[in-house]
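As structure tokens, the structure follows; a few thoughts come after it.
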Amino acid sequence: MVPLNDRVHGALLGGAVGDALGAPVEFISLAEIQSEFGNSGIVDFAPAFGRIGAITDDTQMTLFTAEGVLRAYVRGQLRGIVSITSVVCHAYMRWLLTQGGVPKGKALSVDKSGLLWPIAELHSCRAPGNTCLSALMARTRFDSARADNDSKGAGGIMRIAPIAMIFANQPDATERVFQLAKEAAWITHGHPSGYLSAGAFAAILHTLLLDGAILDGVSRARSLLEHEHGSSECLAAMDAAMQLAENRPGSIAVLPQIGEGWVAEEALGVALYCALTAGDFAAGVRMAANHGGDSDTTGSLTGQLLGALYGVNAIPAHWLAQLELRELISVLAQDLIECHHWNLDDGASDLKSVLAKYPGG
């Protein structure tokens with residue numbers, strides 16, 4: 001068995017590694033990838049955003065999700081009540097400000113304290129999604145209201161993994177994880193396929209963190225989706241991935257049958273296929289990055305699944321050594337594991353240090 005600590009670190013770091021591998025080839029076709037990198041495509045980190053191992057907006061927003069759920073946990077412990085989605089929304093507004101966006105609600109006071117705001121790399125524009133930016137700029141409150149758009153882009157699913165991680169010690173929390181991931185995604189993406197795919201992915205990841213199999217996670221996700229209005233596209237993409245994984249495993253050539261990953265259900269399907277048919281972590285993220293399409297998102301989602309399945313030690317060491325913000329990502333992973341053991345009573349030794357990183361709200 002892979003220890004929970006290794007699974008959570010594997011998922012958060014693995015997602016960032018897959019993101020960094022796909023970053024240089026996000027907007028080019030498979031033919032263009034092979035023309036530049038050879039017939040095997042991109043197999044190692046290449047320069048993007050001025051460095052090797054650079055993360056994109058996918059990992060930036062994932063880290064802000066992690067900060068949001070941790071701040072929500074602290075708020076809930078200190079005040080006894082909390083809307084997790086509202087606190088996550090507040091975290092996304094901090095990310096918006098790092099990208100130069102200005103919220104429509106001029107009276108909104110965005111709290112810039114805490115762990116992430118001072119990190120210079122998180123203020124760098126890494127091809128942020130237009131839907132994420134416009135939906136956040138349109139918000140006038142920190143709440144769980146669904147975005148007023150019909151977007152099902154992959155910008156919702158790409159960032160919700162920490163919701164599964166903070167509940168990784170709770171075997172009965174899969175349904176809650178599904179619901180919270182839906183809500184975190186619909187802050188910016190209002191189409192059912194956009195937010196239901198996020199819920200399904202979080203449910204699958206939660207199952208893996210609990211030492212379950214991918215097929216078990218898919219079964220749980222399906223049972224939750226079947227009760228949701230508008231779930232047909234998400235279910236169809238999952239079914240396509242499963243059928244192709246059974247009939248034609250390990251083939252980049254079949255991925256276009258699932259899609260390019262620009263929309264959430266396709267990104268989910270590509271990640272499931274790659275995770276199901278890859279022999280190891282590296283093979284899976286390479287497959288996901290080389291299909292031609294939203295390569296950083298499919299690489300990141302696949303990295304999260306395989307990192308959770310195999311643990312952090314399955315990630316090639318040279319990728320971890322080159323990964324941007326590796327230490328920060330590891331800190332957040334450890335906090336997602338340990339937060340349930342923090343002593344936040346008045347005067348407790350943990351209180352001051354925790355509030356410096358995650359002031360509740």
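The values are calculated or read from the model by the stated rules, or taken from the named source; none is laboratory data. This is a predicted model, so every value here is computed, not measured. Every residue, glycine as well, gets a Cβ built from its backbone with ideal geometry; the counts of neighbours run over all protein chains shown.
Failed condition for Gly261, given (1) more than 25 Å from Met1 (Cα to Cα); (2) assigned to a helix (DSSP H, G or I), with all others met?
Among (1) more than 25 Å from Met1 (Cα to Cα); (2) assigned to a helix (DSSP H, G or I), Gly261 violates only (2).
Take the conditions among the aliphatic types (A, V, I, L, M) and surrounded by 24 or more Cβ atoms within 10 Å (Cβ to Cβ) and apply them to Ala213. Does it pass? Break it down stepwise before answering.
Details: among the aliphatic types (A, V, I, L, M): yes; surrounded by 24 or more Cβ atoms within 10 Å (Cβ to Cβ): no.
It is false that Ala213 is among the aliphatic types (A, V, I, L, M) and surrounded by 24 or more Cβ atoms within 10 Å (Cβ to Cβ).
Tell me, please, whether a residue that is β-branched (Val, Ile, Thr), assigned to a loop (DSSP other than H, G, I, E, B) and either touching a residue at least 60 places away in the same chain (Cβ under 8 Å) or farther than 23 Å from Leu4 by Cβ (or both) can be found in the range 119-142. Talk me through it step by step, then tell me what you get.
Taking the range 119-142 and keeping what is β-branched (Val, Ile, Thr), we get 119, 131, 140.
Checking the rest, the ones that are also assigned to a loop (DSSP other than H, G, I, E, B) come to 119, 140.
Next, only the ones that are either touching a residue at least 60 places away in the same chain (Cβ under 8 Å) or farther than 23 Å from Leu4 by Cβ (or both) stay: 119, 140.
Yes, the range 119-142 contains a residue that is β-branched (Val, Ile, Thr), assigned to a loop (DSSP other than H, G, I, E, B) and either touching a residue at least 60 places away in the same chain (Cβ under 8 Å) or farther than 23 Å from Leu4 by Cβ (or both).
Collect the residues in the range 217-275 that are touching a residue at least 40 places away in the same chain (Cβ under 8 Å) and of a type in the set (Asp, Glu), keeping them in residue-number order. Quick ask: steps written out before the conclusion?
At the first step, the residues of the range 217-275 found to be touching a residue at least 40 places away in the same chain (Cβ under 8 Å) are 218, 220-221, 224, 233-234, 237, 252, 261-268, 271-272, 275.
Passing the criteria: Glu233, Glu265, Glu266.
Just give me the residues in the range 1-23 being out of contact with any Gly (no Cβ under 7 Å at 6 or more places or on another chain), modelled with pLDDT of 95 or more and over 11 Å from Asp294 (Cα atoms), in sequence order. Please lay out each step first, then the result.
Of the range 1-23, the ones out of contact with any Gly (no Cβ under 7 Å at 6 or more places or on another chain) are 1, 3-5, 8-9, 12, 16, 23.
Of the ones still in play, those that are also modelled with pLDDT of 95 or more are 3-5, 8-9, 12, 16, 23.
Across the range 1-23, the qualifying residues are Pro3, Leu4, Asn5, Val8, His9, Leu12, Ala16.
Considering only residues that are more than 23 Å from Pro103 (Cβ to Cβ) and part of a loop (DSSP other than H, G, I, E, B), which ones fall in the range 155-185?
Hits for the range 155-185 are Phe167, Ala168, Asn169, Gln170.
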